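The values are calculated or read from the model by the stated rules, or taken from the named source; none is laboratory data. Computed from a predicted structure; not experimentally measured. Here Cβ is always computed from backbone atoms with ideal geometry, including for glycine, and neighbour counts include all displayed protein chains.
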Amino acid sequence: MTMQLSKDPLNVIICGVGGQGNILASELLASALVEKGYFTTVGETYGASQRGGSVMSHVRISARKQYSALIPRGEAHIIIGFEPIETLRVAREYGNSQTKVIFDPRPNYPLSVLIGEAVYPEIEAIVKELRYLCGSVQVLEATRLAQEAGNAQAANILLMGALTAMPEIPLQAEDYSQVLSQRFKGDVYDLNQKVFDLGYKQIAV
Amino acid sequence: MPGGMQLKAEVLSTSACALCGACLDWCPYLKNIEDHLVLRFDCPVEHGRCYSVCPRTLTDWQAINERYLADVPYDSDIGAYQTVFRVRRLQPIQDQQDGGTVSTLLQTALDNNMVEGVLITGSGDPLTPQPYLADQEEDIRKAAGSRFLASPSLRKIMEAREKGMEKLAVVGRPCQVQALRKMDYNKPADSPPLDVLSIGLFCMWSLSWSFKDYLASTYPDLTFLRMAIPQHAVELYTNEGIKQIPVETVQSYIRPGCRYCLDMTSELADISVGAFEPEAGWNTVIVRTERGRELLDKAREANLLQIEEYPSEELERLRGASHNKKVRGLRNIKQAVDEQKLTPFIDLSSSPYREIIAESSAKEGF
Amino acid sequence: MEWMVTVNEPGKTFLMQGNEAIVRGALEAGVRFAAAYPGSPSSEILTMLGHVADEMNLYAEWSTNENCAFQACMGASFGGVRALCVVKQNGLLTIGDALHTAALSGCKGGVVLLTADDPNAHSSTNEFDSRHQARAAGIPLLEPATFQEAKDMIVYGFELSEKIGQVVMVRSVTRICHGRGNVTLGELPESPSSPVPIGEWDKLIAINWFHDVLWAKLDQAQELFEESPFNWYSGPEQPELLIITSGTGWLYSVEAVETLGLEDKVGILKLGCTWPLPEKLVLKYLCKSPRVLVVEEVDPFLEQNVANIIAHNPGLNVQLYGRYKKSALPQSFELNPDVVLNALATLMDITYQSSKTGEVPAEAVVNIPPRDLTFCAGCPHRASFFLLKQTLRIHEGNGVVMGDIGCYTMGGQRAGHFLLHSLACMGAGINMGEGLGQLTRFGFNQPVLALAGDSTFFHSCLPGLVNARYHDSNMLFVILDNSATAMTGFQPHPGIPVNCMGQPANAMSIEKIVEAIGCPVTVADPYEIEATTQVVYDLIKKPGMKVLILRQPCATLAVRSKGRRKVWVDPELCRGDNCGCGRFCSKTWGCPGNIWNNQTGKAEIDEVVCVGCGVCASLCPAGAIKVEGGEA
């Protein structure tokens, strides 16, 4: 199987809110890619490491060499969003008219909204602007599906399943499973595997 | 009707607050420790109960008078009233203030099912006022004796509502009686019924709680039993006898909000009770409304109170004292308004304020 | 992943975090002793060393502060073992005197000082360039540009340190420390370095007489740097523009050259050894190009040292560009590919256009609410700041609050009702409070409060507390004790009975220390908001130096051990927007667990976020919030 990527470097952004398992998700993905022989760089931006703050991981994949930890503006090929307004924030800065976006529509309310000083936008409006900004936009109710499968906190793994199924990503489902089994055992592994498969099926044709 | 932010701007931040306590308890933003009452966090509500019940926000006092004291002859010095009496208990009780009339009236109201409970101020500590709801005689006795530190006791009205009380007797300072009338006058249509029988106290002023700190630091080893203010003196009863405190010292602890008060005899109450100055052990009682009269009559029928005619020279003196308080209060209000330190809670251009101001300025070069 | 750093498979490639790579480097170098104080972005290094200490037969400690850590490393070095000290940029300044004197005395076992800078101050009060300290103290400096180098330079650093007998600084940044990339493992030694007896005439003394010796060591390092594998050039023989770069600047520069298609016009001299500069190597490439762009984080440190070389070689005809006076790059904030791309494009007179999003019509542009930092759900600091703010408002004395560094620093923002009046560095709260509290004698009568966390207390407040008590300052020192060094990731401190290696440690009581110093001390629970408000109110009315400990464990930790209680809102009782509430829980209390349902007009609890502390239930004016189940 050729190592060549459809785009090199392939730039993926995984974004959300602190506490959603953003970092774990990107680490699992990147580990699977390194196992496969790719150069992968992950850059994390997580402010004061506080729960509830904006988080984003830049994942840069190359068959040729190691890239820097930050993606240039407008150069993200894929955006995976764990949270709607974070997805929009990232898309505006790093997306372009070809970017593919998959995001979970479950809001995580910022303090400004909780105290009634700002209004959380309608999801339809977010999807609408995303569709103007980027190439394709897909809503995937990862938290709800993960909750039904047994644990809402595993939404991040579900979204990694969805990402892995995308044709641009040079991974098979088993490659990711291997990484999961290295880190999780017993019931936790089973749940994560189940949730991963659920996400994969949402996207795979 | 404005809300908490306006209350803060017009009353709480301007030292106009009388510490009646009417605004507290329903609201999570208003809070007090001792006599510091503040809006602890900004309130987003545009139309608030607090503003509508506060006696220091602009009020049409004439309309309130007309609602609750409609057929009662009006006196510009001591308010609308039917009769003034000299009264005392036939059987004295421990710690009673003056004639013990208030405690007796409360007990009478309960015994005759005129009310389900009473809201009074008292506690084990003879100086510190703690408001509480009571329906038993021994609890009323605990509250015997006046306390001169201000207490926001109307905060307990909410508790009465929560306990499902529909008829309540409240002993209050003039500002508290004003607030009680505003509470009823401005109550929302769907508000559960709460019928208040008000026993208003005579009041010249109340003291800041820092007075307690002063006593503690000046007389560190004494136990205080009670305080009394016979004419022109302040007496502190302690375990080592009576200490005289200079009037000027006490006056320096008067709450700033008290300086704007225009009501010495609780002019809006059902019945008002104060000390009878010429003779210790007696009360002055002003009967205003029919309910007030009914209460006094019942106490008389039960042979609890000795009720005598009121000497006319004392009535003149009482009216003079009350009038002078209005003059002083209006002077303070007008000065503060002119200096933009106060938002007026009365219409200075209406009667009787206009006349009193005119009269005083003619006399003193206002 | 932890098992990656200890696995004995030289040649295997893993995805490793920069901090993990540093740990692996330390293990490959046979480090026996490691000491640090938590500080982002470096905290993971010592945490991991603590976890593997037993397995790898080494000693790791979270020292009480960086000074203790660094000098402990010098002590261990004197005993002959290799010692790693890890600090963040601010911690490096804490060890100023210690570092300079250590450079003078030199070391025995190798000592590597890993300093982690935070360009853009993602998790810091300021952005700061540690490299100046290497030059000021006179010690060699290495800067990794990749995750691989983060590992390899630790090994090289220890070898260098022992070769010349000097402390070596390795300077990393957030993008290396917290980034992840391919790292190929090296060999682990049979066993880590072992102690060597100290003879009667073995000394480790800092005296000025050694200043020339210090310079000689630097010269020695410079010779070695001329041949170091961490410095190399790639590009055309005669570049039109030469980029000199170190650290993260390298990958940004490579990508910029590639994106603009300038591989045959622009050369890149990558330097991994940046103090002392390998001058011969640098000169060799300076001669080849009339224009030089220096790309580095944070200050124009490398640029000014290159300028120094140019000044001493008057034959050179070089125009220098970089961060100095913003000649090509901004003087503040973090570098990224776009900044370098734009600078290079400008210098080479090319237009660079990044890919663009599609056009969005004005009416479709969504108004995105900002995401302020706030305390976690259940955080005791939320309760502490709420009660302190309301107490000061009720007291009506215009109380002044001096802040300090920790999770509670965020109390200076909306989440803490903007309570803090001042903020500087660790230990500043009590010291500034002490000064302000002495002004009572000149008529200053506002209550003075100073805050500190439990870890901050041990780190830098002890001398401040002694000072304030000795001089009887009029102030209230409030210690926010959540039993953790929470902000940096729950590392233990001297109040916690288990150390970073999982072994029992002699934890000490904060109140006993305070009592021993002679201050009256009160302990209260911040979750008991109304009762503790009264406690604070009574305390600030008293004169003199007073201490209050607000003790309640960090909610995130508590949930892990005790599980969550269920909390919910009874919509029948909830007053919502109406008078008597005004969304008090979500608007004023502001916990992320308290949310507002626009459809029903009622408050709700977000079950995913709520930890079950129950404080909001005690504040609800309608008693609409209910709590049940779990442990109290």
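Structure notes:
- Test: residue in the stretch A:132-141 that is farther than 24 Å from A:ASP8 by Cα and over 15 Å from the mean Cα position of the chain (by Cα): yes
- Failed condition for C:LEU93, given (1) away from chain A (no Cβ under 14 Å); (2) free of Cβ contacts under 8 Å to residues at least 12 places away in the same chain: (2)
- The set of residues in the stretch C:349-394 that are surrounded by fewer than 18 Cβ atoms within 10 Å (Cβ to Cβ), more than 10 Å from chain A (Cβ to nearest Cβ) and either in contact with a Leu (Cβ under 7 Å, 6 or more places away or on another chain) or within 30 Å of B:ASP35 (Cα to Cα) (or both) contains only C:ILE350.
- Leading residue by the ranking (nearest to the chain's Cα centre (by Cα)) among those in the stretch C:147-180 that are surrounded by 24 or more Cβ atoms within 10 Å (Cβ to Cβ) and of a type in the set (S, T, N, Q): C:THR174
- Within the stretch C:395-407, considering residues that are over 16 Å from C:GLY429 (Cβ atoms) and more than 8 Å from every other protein chain (Cβ to nearest Cβ), the one surrounded by the most Cβ atoms within 10 Å (Cβ to Cβ): C:GLY397
- Among the residues of the stretch C:520-542, those identified as under 19 Å from C:ALA452 (Cα atoms), part of a loop (DSSP other than H, G, I, E, B) and at pLDDT 95 or above are C:ASP525, C:PRO526, C:TYR527.
- Qualifying positions in the stretch C:101-152 - without any contact (Cβ under 8 Å) to a residue 40 or more places away in the chain and in contact with a helix residue (DSSP H, G or I) (Cβ under 6 Å, 6 or more places away or on another chain): C:ALA137
- Of all residues in the stretch B:30-82 being within 14 Å of another protein chain (Cβ to nearest Cβ) and aromatic (Phe, Trp, Tyr), the one that is surrounded by the fewest Cβ atoms within 10 Å (Cβ to Cβ): B:PHE41
- The residues in the stretch A:65-90 that are more than 7 Å from every other protein chain (Cβ to nearest Cβ), small (Gly, Ala, Ser) and not in a strand (DSSP E or B) can be counted, and the count is 1.
- Taken over the stretch C:545-571, the criterion of being loosely packed, with under 15 Cβ neighbours inside 10 Å and at pLDDT 95 or above is satisfied by C:ASP570, C:PRO571.
- The residue list C:VAL627, C:VAL608 contains one member that is away from chain B (no Cβ under 14 Å), β-branched (Val, Ile, Thr) and touching a residue at least 60 places away in the same chain (Cβ under 8 Å), which is C:VAL627.
- Selection of strands (runs of 3 or more DSSP E) fully inside the stretch B:219-265 by the criterion of at least 1 residues being at pLDDT 85 or above and either acidic (Asp, Glu) or within 30 Å of B:THR57 (Cβ to Cβ) (or both) returns B:234-238.
- Candidates C:LYS284, C:LYS288 - the one that is in the same structural domain as C:LEU241 (by TED's automatic domain parsing) and outside any loop (DSSP other than H, G, I, E, B): C:LYS284
Conditions (1) closer than 15 Å to B:ILE78 by Cα; (2) among the acidic types (Asp, Glu), marked per residue:
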residue: B:LEU318; (1), (2): yes, no
residue: B:ASN324; (1), (2): yes, no
residue: B:ILE346; (1), (2): no, no
residue: B:SER351; (1), (2): yes, no
residue: B:ILE356; (1), (2): yes, no
residue: B:GLU359; (1), (2): no, yes
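- Filter result for C:LEU93 (surrounded by fewer than 19 Cβ atoms within 10 Å (Cβ to Cβ) and in contact with a Phe, Trp or Tyr (Cβ under 9 Å, 6 or more places away or on another chain)): yes
- Residue in the stretch A:19-40 that is β-branched (Val, Ile, Thr), under 21 Å from C:THR556 (Cβ atoms), touching a Phe, Trp or Tyr at 6+ places or on another chain (Cβ under 9 Å) and at the interface with chain C (Cβ under 10 Å from one of its Cβ atoms) present: yes
- Residue tally, condition under 31 Å from the mean Cα position of the chain (by Cα) and assigned to a loop (DSSP other than H, G, I, E, B), over the stretch C:543-595: 9
- Residue in the stretch A:47-60 that is under 12 Å from the mean Cα position of the chain (by Cα), at the interface with another protein chain (Cβ under 7 Å from one of its Cβ atoms) and buried (at least 24 other Cβ atoms within 10 Å of the Cβ) present: no
- Any helices (runs of 4 or more DSSP H) falling wholly within the stretch C:1-83 and containing at least 1 residues that are in contact with a Ser or Thr (Cβ under 7 Å, 6 or more places away or on another chain), in contact (Cβ under 8 Å) with a residue 24 or more places away in the chain and in the same structural domain as C:LYS163 (by TED's automatic domain parsing): C:18-28, C:43-56, C:66-78
- Residue within the stretch C:408-419 that is within 14 Å of chain B (Cβ to nearest Cβ), on the phi > 0 side of the Ramachandran plot and surrounded by fewer than 21 Cβ atoms within 10 Å (Cβ to Cβ) present: yes
- For the stretch C:572-586, the criterion of a residue being within 14 Å of chain B (Cβ to nearest Cβ), in contact with a helix residue (DSSP H, G or I) (Cβ under 8 Å, 6 or more places away or on another chain) and within 21 Å of A:PRO121 (Cα to Cα) is satisfied by at least one position.
To keep it simple, each residue is scored yes or no on (1) touching an Asp or Glu at 6+ places or on another chain (Cβ under 9 Å); (2) outside any helix (DSSP H, G or I); (3) of a type outside the set (Ser, Thr, Tyr).
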| residue | (1), (2), (3) |
| --- | --- |
| A:TYR132 | yes, no, no |
| A:THR164 | yes, no, no |
| A:SER181 | no, no, no |
| A:ASP190 | no, no, yes |
| A:GLN193 | no, no, yes |
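- Scan of the stretch B:55-96 for residues that are assigned to a loop (DSSP other than H, G, I, E, B), of a type in the set (Asp, Glu) and over 17 Å from the mean Cα position of the chain (by Cα), ordered by number: B:ASP60, B:ASP71, B:ASP75, B:ASP95
- Filter pass, C:ALA136 being out of contact with any strand residue (DSSP E or B) (no Cβ under 7 Å at 6 or more places or on another chain) and modelled with pLDDT of 95 or more: yes
- Residue list for the stretch A:183-204, restricted to those being under 25 Å from C:TRP3 (Cβ atoms) and in contact (Cβ under 8 Å) with a residue 60 or more places away in the chain: A:ARG183
- So B:ASP139, is it in the same structural domain as B:ALA22 (by TED's automatic domain parsing), in a helix (DSSP H, G or I) and among the charged types (D, E, K, R): yes
- When the stretch A:87-125 is limited to residues that are surrounded by fewer than 24 Cβ atoms within 10 Å (Cβ to Cβ) and of a type in the set (Asp, Glu), the one that is farthest from the chain's Cα centre (by Cα) turns out to be A:GLU117.
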